[in-house]
Amino acid sequence: MAGVTARLARIEKVQGVSTLPGEIAGPSLRVTVEYDNQTDAAVDLRGAVVNLYAGRDLAPAIMLTQPGAKAFPTSVAAGGTAQGVFVFNVPAASRSQVRVEADLANAGEVVLFQGPVG
């Protein structure tokens, strides 16, 4: 979307905690994605998603809620910035190839960040 940029603000190694059905505790990555809105109108973030793929085959990583996951706010104001924090189970052996996908659903564009995480 013109005037809106995505930034991979941080990737941290954490120990993921299983708190919901389907989550698998273990070595994880906590990813902070930031949207910067330089338009003159609020941008809806309700459909924004972040996915992570890892390993040689770029397999989808399992999302966790702990430690410290935080969804995007429902919107980002004109001229404002909004962050979301996402935790994914990623074993250390799969971190040589990591792809983070940020999808601002209402814009129809996907931003990819890719590389190794040491």
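The numbers here are math on the coordinates, done by the rules we state, and not lab data. Predicted, not measured: the structure shown is a model, and the values here were computed from it. Quick reminder, even Gly has a Cβ in these numbers, built from the backbone with ideal geometry, and neighbours come from all protein chains shown.
Roughly what percent of Cα-Cα pairs across segment 4-101 reach past 21 Å? Of all Cα-Cα distances in segment 4-101, 35 percent exceed 21 Å. Answer with one residue from 43, 19, 90: the one whose Cα lies farthest towards the positive end of the charge dipole of segment 4-101, charges on Cβ with Lys, Arg +1 and Asp, Glu -1. Among 43, 19, 90, the one farthest towards the positive end of the dipole of segment 4-101 is 90. Extension gain, residue 78-residue 5: 0.36 nm per intervening residue step, less the Cα-Cα distance, totals 25.0 nm. Rounded to the nearest 20, the Cβ-based charge dipole of the chain about its Cα centre (Lys and Arg +1, Asp and Glu -1) stands at 420 debye. In whole angstrom, note down how far apart the Cα centers of segment 48-105 and segment 1-20 are. For segment 48-105 versus segment 1-20, the Cα centre distance is 4 Å. As an exercise, use a Förster radius of 30 Å and the Cβ-Cβ distance of residue 42 and residue 114 to find the FRET efficiency, rounded to the nearest 0.05. Approximately 0.50, to the nearest 0.05.
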